[in-house]
C-alpha cells in the first residue's frame, strides 16, 4: 500500500535536493568564472611586476615560496630559459602572448606571457587551483542545506501529516459507522482538495440508501404479496381435506390448482424482476432483430390466445429493426406485454404485435417494439402508477402479480429505452418500447 505521506516526503526532499544540486552547480560555475577573472588579473600583474627584475634577487625570493601556486618562466631572445621558478613543474610550451590555456602531463594550465627588452616572461597557474576554489564555494553554499536535511525531512513529515489529518478523520468516521448508517458525511472543515472525495462519498451513500430502501420495500411488498396466496393455499388445502363428497373435493382441488398457479406466477415474476434489477448480472448485448423476437413471442403465446378466443398476431414488422440488446431480456419484455394484453382483453378481442423504426428529429432512426390490445385500457391519471411494483388497478376481474410493467420498465431502463403508454383508436391500450436512436453511420 502506498503512503501519501511517504510519497510526498520523498518527492519534496528529492525536489529540494535536485534544486540545491542545480544551485550548487550554478554556484560552482559562477565561482569558477569569477575566480578565473580574478586569477587572470593576478597572472597579468605578476608578469608586469617582473619586467624590471634581473632574476638574481627578488625573483628568486618570490620563487622560493613552495606554497605559491604560480610558475614563472623567462626566455631570452634565443629561446634559452634564463629563469624557471619550479623546474619540477611540467609547464607547457608557450604558444602565444597574452592569455592562453594549454595541457601538460600534470594537467591543464592557464598562462599569461609578455615580451620586454628581448625577454619573454610567462606566468602560469594550474587550473585545478581555480576548480578547487569554485568547488569550495559551491560546497559552502550546499553544506548548511545538507546539515539541515534531516530537520527538513522531519518538518515535512509532520506538516504533511497535519495536512492529511482531515482524511484520517474522514476514514475514522467511516470506520465507526454501522452498516445501516448511511447519512451524509459532514463537509464542514473539509479542505478544498478533499471536497470532491466527500461529495462523491455522499453521493454513493445516497445511492446506497436509495437502493437499500428500495430493497427493503421490495422485500416487504413481496412478503405481503406472497402471504395472501399462501394463506389462500392453506385454506384451499383444508377445503380439500374437509370435502364431504367427491365432487366437492374435485372443485376444491381445481381451486387449489389455480391458487398454486397464481403463487407460482408471482414467484416467477419476483425472480425475473430480481434478475433484471440494476446491479444484477450484466447483460450480454448483441445485435437483435426485433421481428424475429416478435414472431417467436406470438408463437409462444398462441395456445393461451386460442384458449381465450383472442386474435393474436404480428400486425407489422420491419426486418431492419435491429437493436443492441440482451435477447433473453427482450423475450421477457415481449412475454410480459403480450401476457398482460391477453389477460385484460375480453374474449373475442384482438392483440397486435408490431416492431419497426421511427424517425427522431436530428438524431436518426429509433427502433421500437409495440403491443396493442382491445381491452379497457388504462386511464391517463393512472398510467405512471402502473409501473409501480405490485400495483393493481381496482375493479379488475383478472388477478395478477402487479409486476409485469415494472419488469418491462426495469429492462427498458437498462437498455436506455423508453416505455410509452398510449390509446388505441378502436379502444384499448398500446404499450411501446422505444430504444435509443441510431445515427445513419450505425
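Among 369, 330, 324, which is the only one that is closer than 23 Å to residue 292 by Cα and out of contact with any helix residue (DSSP H, G or I) (no Cβ under 6 Å at 6 or more places or on another chain)?
324
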Are there any pairs, at least 6 apart or on different chains, whose C-beta atoms fall under 7 Å, with the first in segment 238-259 and without any contact (Cβ under 8 Å) to a residue 60 or more places away in the chain and the second loosely packed, with under 13 Cβ neighbours inside 10 Å and part of a helix (DSSP H, G or I), and if so, which?
none
Across (1) in the same structural domain as residue 38 (by TED's automatic domain parsing); (2) modelled with pLDDT of 75 or more, residue 168 clears everything bar (1)
Residue 153, sole failed condition from (1) under 24 Å from the mean Cα position of the chain (by Cα); (2) assigned to a helix (DSSP H, G or I):
(1)
Picked from segment 339-354 (must be in contact with a helix residue (DSSP H, G or I) (Cβ under 7 Å, 6 or more places away or on another chain) and modelled with pLDDT under 90), the residue surrounded by the fewest Cβ atoms within 10 Å (Cβ to Cβ) is 339
Just give me the residues in segment 164-186 being in a loop (DSSP other than H, G, I, E, B), in contact with a helix residue (DSSP H, G or I) (Cβ under 9 Å, 6 or more places away or on another chain) and over 14 Å from residue 206 (Cα atoms), in sequence order.
164
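Check segment 187-195 and report whether any residue there is touching a residue at least 60 places away in the same chain (Cβ under 8 Å), part of a helix (DSSP H, G or I), in contact with a helix residue (DSSP H, G or I) (Cβ under 7 Å, 6 or more places away or on another chain) and surrounded by 10 or more Cβ atoms within 10 Å (Cβ to Cβ). Steps first, answer last, please.
Start the filter on segment 187-195 by keeping residues that are touching a residue at least 60 places away in the same chain (Cβ under 8 Å), which leaves none.
Checked segment 187-195: no residue is touching a residue at least 60 places away in the same chain (Cβ under 8 Å), part of a helix (DSSP H, G or I), in contact with a helix residue (DSSP H, G or I) (Cβ under 7 Å, 6 or more places away or on another chain) and surrounded by 10 or more Cβ atoms within 10 Å (Cβ to Cβ).
Taking the criterion of being surrounded by 14 or more Cβ atoms within 10 Å (Cβ to Cβ), under 30 Å from residue 153 (Cβ atoms) and at pLDDT below 80, would at least one residue in segment 28-36 satisfy it? Reasoning before the result, please.
In the first step, residues of segment 28-36 are kept if they are surrounded by 14 or more Cβ atoms within 10 Å (Cβ to Cβ); the result is 28, 31-32, 34-36.
Now restrict to residues that are under 30 Å from residue 153 (Cβ atoms): 28, 31.
Remaining after also requiring at pLDDT below 80: 28, 31.
Yes, because at least one residue in segment 28-36 is surrounded by 14 or more Cβ atoms within 10 Å (Cβ to Cβ), under 30 Å from residue 153 (Cβ atoms) and at pLDDT below 80.
Select, from 129, 158, the only residue that is more than 26 Å from the chain's Cα centre (by Cα), in a helix (DSSP H, G or I), at pLDDT 80 or above and not assigned by TED's automatic domain parsing to the domain that holds residue 100.
Values: 129 fails: not assigned by TED's automatic domain parsing to the domain that holds residue 100.
Answer to the selection: 158.
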All but one of (1) surrounded by fewer than 13 Cβ atoms within 10 Å (Cβ to Cβ); (2) at pLDDT 75 or above; (3) assigned to a helix (DSSP H, G or I) hold for residue 61, so report the exception by its number.
(2)
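The values are calculated or read from the model by the stated rules, or taken from the named source; none is laboratory data. These numbers were taken from a predicted model, which means no experiment stands behind them. Positions of Cβ are backbone-derived with ideal geometry, glycine not excepted, and every protein chain shown enters the neighbour counts.
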